[in-house]
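The structure under discussion appears below in the form of structure tokens.
The values are calculated or read from the model by the stated rules, or taken from the named source; none is laboratory data. Note that the structure is predicted; figures quoted are calculated from it, not measured. Cβ placement follows ideal geometry from the backbone for every residue including glycine, while neighbour counts extend to all protein chains displayed.
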Amino acid sequence: MTLPLIPTAVVGSHGKPSWWFASVKALEHGEFDQQTRYEAVGRIETPSGGLGIVKEFAYLRAHTASHVKATCAGPLTFGSRIHPGTIYKGVVDVAERFAEVINAELRGLVAAGADFIQLDEPARGNVSGEEMARLFNMATDGIKAKLAFHICFGNRFGRSRFSRSYEPYFPGVLKARADQFVLEFAGRELSEVDLWKRYGEGRELGAGVIDVKGFNQDTVDEVAARIRRVLQVCPAEKLTVNPDCGFGWSPRYMCNQKITALAAGAALVRKELSGRS
């Protein structure tokens with residue numbers, strides 16, 4: 001499938017339906033609770049079906065003709081949810097084990113037909129960019145697919161969890177064997193977008209042009225203006241536009257409005273660019 005110039009994509013989860021916000025108490029510690037921490041009491045293993053992403057990918061492929069990006073949480077995202085206990089030395093040690101688990105899952109995805117795979121990680125202040133790249137490379141070792149690396153600042157109840165700057169992670173994070181970096185810009189008024197001019201040559205950029213934490217409605221003109229600004233540091237042929245991160249803590253009606261503005265804003269800039277040629 002041939003994608004248009006400046007294609008649009010999503011990152012992470014979609015907004016929660018209205019019934020979720022009024023959900024019964026019994027659901028609090030179920031599938032929707034991503035904040036619970038556990039302790040390792042033995043070597044970390046997956047069930048026989050792995051992480052379940054291959055099955056979900058197969059279902060998606062069977063229900064859409066659109067281009068598909070398979071995504072998986074990164075080693076640090078998994079690792080930060082497991083206390084090392086006496087089994088592992090620390091978060092990075094746990095993350096290394098999850099890199100092995102993820103690698104097996106990604107091999108299954110490729111076998112199922114995935115040709116574009118993204119790992120998602122928050123920018124963690126206690127891990128260097130070079131260490132993030134090392135873990136990414138462990139998780140993707142031998143994976144024959146286009147690879148994307150999403151790095152954001154977390155989204156807990158609509159708030160960032162980490163210091164909102166990419167500067168400390170560059171240029172070390174560029175050691176990751178990623179074809180595309182997917183970064184958070186809109187919620188920070190495009191702060192640090194010029195980092196890409198300094199460091200991004202030759203790579204694709206997935207630029208966050210939708211604010212997932214704010215309840216303001218991103219307009220088509222605002223989205224288009226952000227895309228034009230990103231085009232000052234990234235050529236259109238290397239650019240994909242997306243929300244900053246997942247919409248996990250946002251109501252679905254608002255997410256639908258923002259995604260609609262994303263598509264319309266990209267179409268507007270696309271039309272402008274085609275008019276110049």
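Scanning segment 138-182 for residues that are under 16 Å from the mean Cα position of the chain (by Cα) and among the polar types (S, T, N, Q), which turns out farthest from Arg81 (Cα to Cα)? Applying the filter and picking the extreme gives Gln180. The helices (runs of 4 or more DSSP H) falling completely within segment 56-163 that include 1 or more residues that are of a type in the set (Val, Ile, Thr), out of contact with any Asp or Glu (no Cβ under 7 Å at 6 or more places or on another chain) and in contact (Cβ under 8 Å) with a residue 40 or more places away in the chain map to 91-111. Under the condition of being in contact (Cβ under 8 Å) with a residue 60 or more places away in the chain and either of a type in the set (Lys, Arg) or farther than 17 Å from Ser191 by Cα (or both), the residues counted in segment 204-238 number 2. Within segment 13-34, not a single residue is closer than 30 Å to Leu231 by Cα, among the hydrophobic types (A, V, I, L, M, F, W, C) and either modelled with pLDDT under 95 or within 21 Å of the chain's Cα centre (by Cα) (or both). Answer yes or no: is there a residue in segment 130-138 that is in contact with a Lys or Arg (Cβ under 9 Å, 6 or more places away or on another chain), surrounded by fewer than 18 Cβ atoms within 10 Å (Cβ to Cβ) and modelled with pLDDT of 95 or more. Looking through segment 130-138, at least one residue is in contact with a Lys or Arg (Cβ under 9 Å, 6 or more places away or on another chain), surrounded by fewer than 18 Cβ atoms within 10 Å (Cβ to Cβ) and modelled with pLDDT of 95 or more. Residue selection: Ala236 fails the criterion of being at pLDDT 95 or above and either among the aromatic types (Phe, Trp, Tyr) or under 20 Å from Gly12 (Cβ atoms) (or both). Does Gln217 fit the bill of being surrounded by fewer than 23 Cβ atoms within 10 Å (Cβ to Cβ) and at pLDDT below 95? In short, yes. Quick one: would you say Phe153 is surrounded by fewer than 16 Cβ atoms within 10 Å (Cβ to Cβ), under 27 Å from Phe247 (Cα atoms) and of a type in the set (Phe, Trp, Tyr)? Judged against the criteria, Phe153 is not a match. The conditions of being of a type outside the set (Ser, Thr, Tyr), within 24 Å of Gly154 (Cβ to Cβ), touching a Ser or Thr at 6+ places or on another chain (Cβ under 8 Å) and modelled with pLDDT of 95 or more are not met by Leu190.
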